[in-house]
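Data first, discussion second: the structure below is written as structure tokens.
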Amino acid sequence: MSFIKNLRYHIGTVWDGESGAEVNLREGYALKLDMPAAFGGLGRHPCPNELFFSAIGSCLLMMFLYFEKRFNLHLQGLRVLVDGNVEMIEPEGYRITGIRITVHVETIKSDRGKAEKCAELMMEYCPITRTLEKVIPIEVSVKIQTP
């Protein structure tokens with residue numbers, strides 16, 4: 001299986017007339033976002049920080065699934081939890097100061113090694129975490145459960 005060399009994304013963000021936005025992804029896909037109530041928004045939809053942290057978890061999960069297929073891992077469950085810190089840094093303003101990721105994998109006992117390898121490659125190939133780890137501290141723990 002070969003890798004695609006270059007990917008390009010075109011995203012449009014449009015104000016919704018209140019305190020949020022609609023993000024237009026590829027044709028037919030849109031996300032609604034809103035400012036949290038604590039910042040004067042209506043809080044009707046996820047905020048951009050939630051979307052950012054969910055992108056991290058989703059990227060890792062999908063990279064794991066990519067390698068799971070290549071190694072023929074008998075995957076029984078997969079969950080990625082992302083805990084992100086956003087802090088006020090005076091006088092700069094808000095900044096993401098740390099990310100903790102916990103990956104929960106369920107597989108059969110004989111595939112434990114395959115699961116460990118998939119988790120290692122997941123981190124190595126996720127473009128989002130590879131880029132972020134240069135500027136934000138990222139802690140990752142992988143918990144593999146076998147029945």
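What follows draws every value from the coordinates through simple rules; no lab data is involved. Please read all numbers here as calculations on a predicted model, not as lab measurements. With ideal geometry, Cβ positions are generated from the backbone for all residues, glycine too; neighbour counts draw on all protein chains shown.
Helix 48-70 versus the longest principal axis of the chain: what is the Cα-based angle in degrees, 0 to 90, to the nearest 10?
Helix 48-70 sits roughly 20 degrees off the main axis of the chain.
For Cα pairs less than 8 Å apart in space and 6+ apart in sequence, what is the mean separation divided by the residue count of the stretch 53-145, i.e. the relative contact order in percent?
This gives 34 percent for the stretch 53-145.
Taking the Cα-to-Cβ direction at HIS74 and at HIS104 and moving 7 Å from each Cα, how far apart do the two end points lie in nm?
2.2 nm
Which value in nm describes the separation of the simple spin-label points at TYR29 and THR97, placed 7 Å from the Cα toward the beta carbon?
Here the modelled spin labels are 3.4 nm apart.
Of all DSSP beta bridges located in the chain, what percent are antiparallel, nearest 5?
Percent antiparallel among DSSP bridges in the chain is about 75.
With a 10 Å radius around each residue's Cβ, average the other Cβ atoms per peptide and rank 130-138, 74-82, highest first.
The most tightly packed comes first, giving 74-82, 130-138.
Can you give the extra length, in nm with one decimal, that the chain gains between ILE128 and THR146 once fully stretched, where that is 0.36 nm per residue apart less the Cα-Cα distance?
On the way: separation 18, 0.36 × 18 = 6.48 nm, distance 2.87 nm.
Gain in length upon complete extension: 3.6 nm.
When the Kirkwood radius is taken over all Cα pairs of the chain, what Stokes-Einstein diffusion coefficient follows at 4 °C and 1.567 mPa s, in µm²/s?
74 µm²/s
Could you tell me how many degrees, from 0 to 90 and to the nearest 10, lie between the Cα long axis of helix 112-125 and the main elongation axis, the longest principal axis, of the Cα atoms of the chain?
Roughly 40 degrees between the two axes.
Taking 7 Å along the Cα-to-C-beta vector as the label spot, tell me the GLU87-GLU50 distance in nanometres, rounded to one decimal.
About 2.4 nm separates the two model spin labels.
How about LYS69: which aspartates and glutamates have a C-alpha closer than 19 Å to its C-alpha, ignoring those fewer than 8 places off in the same chain?
GLU106, ASP111, GLU116, GLU120, GLU124
Can you show me the helix-derived [θ] at 222 nm for the chain, built from DSSP H runs with n ≥ 4 at -39,500 (n - 2.57) apiece and divided by the number of residues, rounded to the nearest 500.
-9500 deg cm²/dmol
Any idea which of PRO127, LEU51, THR97 is furthest toward the positive side of the dipole for the chain, if Lys and Arg beta-carbons carry +1 and Asp and Glu beta-carbons -1?
Checking the options against the dipole of the chain, the answer is PRO127.
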